[in-house]
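Let me begin by presenting the structure, written as structure tokens, before commenting on it.
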Amino acid sequence: MPGVRRRPPAASRRPRGDEYLDRLGVYVEQTEPLLVWYEVRSLLSRVDAVGAVADVTGRTLAALRAAATE
């Protein structure tokens, strides 16, 4: 109908605060077992990703180099 605003599809609208927290909870619940799986096999390197891009890149490359020499 002309003049009637339709709600955008769910995929294109931003989640409300409670939806966001629900999704974040599901994400953590589903990814935590993967982190443990990789960590117990020494296949996980944690990198502090806070800071300037160049600093984070340097820490990431250093972690990759260390993992390659193990």
If the viscosity is 1.567 mPa s and the temperature 4 °C, what Stokes-Einstein diffusion coefficient in µm²/s follows for segment 15-69 when Rh is the Kirkwood radius over Cα pairs? 96 µm²/s
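Using a 10 Å cut-off on Cβ atoms, rank the peptides 54-60, 38-44 from the highest mean neighbour count down. Working shown, then result.
Numbers: 54-60: 12.9, 38-44: 10.4.
By packing density, highest mean first, the sequence is 54-60, 38-44.
No value in this document is a laboratory result; all are computed from the given coordinates. All figures in this text were calculated on a predicted structure; none of them were measured in a lab. Cβ atoms come from the backbone with ideal geometry, glycine included; neighbour counts cover every protein chain shown.
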